[in-house]
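S.K.: First the structure, which I've put down as structure tokens, then a few questions once you've had a look.
The values are calculated or read from the model by the stated rules, or taken from the named source; none is laboratory data. Fair warning: this is a prediction, and the values are worked out from it, not measured in the lab. Here Cβ is always computed from backbone atoms with ideal geometry, including for glycine, and neighbour counts include all displayed protein chains.
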Amino acid sequence: SSRTCGSNLRGPSGIITSPNYPVQYENNAHCVWVITTTDPEKVSFFLEMMSVPCGLGIRVTFSIFFLILTGSSVPDLVVSMSNQMWLHLQSDETIGSLGFKALYQEIEKGSCGDPGIPVYGKRRGTSFLHGDTLTFECQSAFELVGERTITCQQNNQWSGNKPNCVFSCFFNFTAPSGVVLSPNYPEEYGNNMNCVWLIITETESRIHLIFNDFDVEPQFDYLTVKDDGMADSTVLGTFSGDDMPSQLASNGHVARLEFQSDHSTTGRGFNITYTSTFGIAVCLSWPMLPLGKSGRVGLVG
Ligand SMILES: [Ca+2]
């Protein structure tokens, strides 16, 4: 037996969720949403997927073409070519899913919509019309994964998703303060990682590490902090599991952080703030890191 759901919706904006979201929706769910703009002449729709776990089968039907979205190939946003957008959710008989939550909004005709800015990244280009190009780059210590440049195509779709900025597995920090993240933080880090970060501050200064978050697989994945830049330097601490380590200070102006993960099971990783100070008894107010927001992470210099 199949379940029906969905509705007729109107602009200018709103939110659509699959049945029971965020609880798993039932097998054989069948939903149709029809969204119609308030102004038939001037606007089209964009649909921004906010949460799309794997295993989702959703069809977005436009007047001229249709697109099938599945968990692994979901664009950041989908723009209709007319003043109406049809969404058809047909779930598999066997594979359940947490479903989806999508935002829809009316936009100008001839636009691909605003794809956003990557977290820890920036964007050049502020216009989203046909033929316009956006170029992305990541902040220092982050690597760009995906397309550096995307173009708004005649079919109202961007030529690709906006890229991600992923914390680099190897980096030498030379600013007096900054943030060290596990790659992909706050999403899970990968298996078989072998990362090395060096923090090199001014001669005569010391490096202080404060842990803002720590969650790695106990015993098999671990972070080692060493008191100098070499692989065989004195170990200040080795950390594993999800107990938050207390703060650490180096004896010199160089610290080496090594992170290793084995072949299975990962975690959220870690978020560490470092600062450098001169002298011994120093009281600092630690810089806070805004999480999950685009823009600055507090990397100074
Ligand atoms: Ca592991």
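S.K.: Picking from Leu181, Leu198, which residue would you name as being surrounded by 14 or more Cβ atoms within 10 Å (Cβ to Cβ) and either among the β-branched types (Val, Ile, Thr) or in contact (Cβ under 8 Å) with a residue 60 or more places away in the chain (or both)?
M.R.: Leu181
S.K.: Take the residues in the range 175-192 that are more than 16 Å from Phe142 (Cβ to Cβ) and outside any strand (DSSP E or B), then tell me which one is nearest to the chain's Cα centre (by Cα).
M.R.: Step by step, filter the range 175-192, then rank; the result is Glu188.
S.K.: On to the next question. Determine whether Asp215 is surrounded by 14 or more Cβ atoms within 10 Å (Cβ to Cβ), modelled with pLDDT of 95 or more and within 15 Å of Ser182 (Cα to Cα).
M.R.: yes
S.K.: Still on this structure, I have one more. Can you pull out the residues in the range 217-239 that are touching a Phe, Trp or Tyr at 6+ places or on another chain (Cβ under 7 Å) and either more than 16 Å from the ligand (Cβ to nearest atom) or closer than 18 Å to Ser168 by Cβ (or both)?
M.R.: Correct list: Leu223 only.
S.K.: Among the numbered conditions (1) at negative phi; (2) modelled with pLDDT under 95, tell me where Asn184 comes up short.
M.R.: The failed condition is (1).
S.K.: Okay, next question. Among (1) hydrophobic (A, V, I, L, M, F, W, C); (2) out of contact with any Cys (no Cβ under 7 Å at 6 or more places or on another chain); (3) in a strand (DSSP E or B), there is one condition Cys195 misses while meeting the rest; what is its number?
M.R.: Result: Cys195 fails condition (2) only.
S.K.: Continuing with this model, one more query. Tell me, please, whether a residue that is exposed (fewer than 15 other Cβ atoms within 10 Å of the Cβ), within 18 Å of the chain's Cα centre (by Cα) and among the basic types (Lys, Arg) can be found in the range 121-131.
M.R.: Checked against the condition, which is being exposed (fewer than 15 other Cβ atoms within 10 Å of the Cβ), within 18 Å of the chain's Cα centre (by Cα) and among the basic types (Lys, Arg), the range 121-131 yields no hits at all.
S.K.: Look at the range 230-276 and say how many of its residues are touching a residue at least 40 places away in the same chain (Cβ under 8 Å) and not in a loop (DSSP other than H, G, I, E, B).
M.R.: Selection size over the range 230-276: 17.
S.K.: Turning to a different aspect of this structure: Say we look at the range 144-165 and pick out the residues that are part of a strand (DSSP E or B) and touching a residue at least 40 places away in the same chain (Cβ under 8 Å); which of these is farthest from the chain's Cα centre (by Cα)?
M.R.: Among those that are part of a strand (DSSP E or B) and touching a residue at least 40 places away in the same chain (Cβ under 8 Å), it is Cys152.
S.K.: What is the one condition in (1) more than 20 Å from Pro186 (Cβ to Cβ); (2) of a type outside the set (Phe, Trp, Tyr); (3) not in a strand (DSSP E or B) that Pro218 does not satisfy?
M.R.: With (1) more than 20 Å from Pro186 (Cβ to Cβ); (2) of a type outside the set (Phe, Trp, Tyr); (3) not in a strand (DSSP E or B) applied to Pro218, the lone miss is (1).
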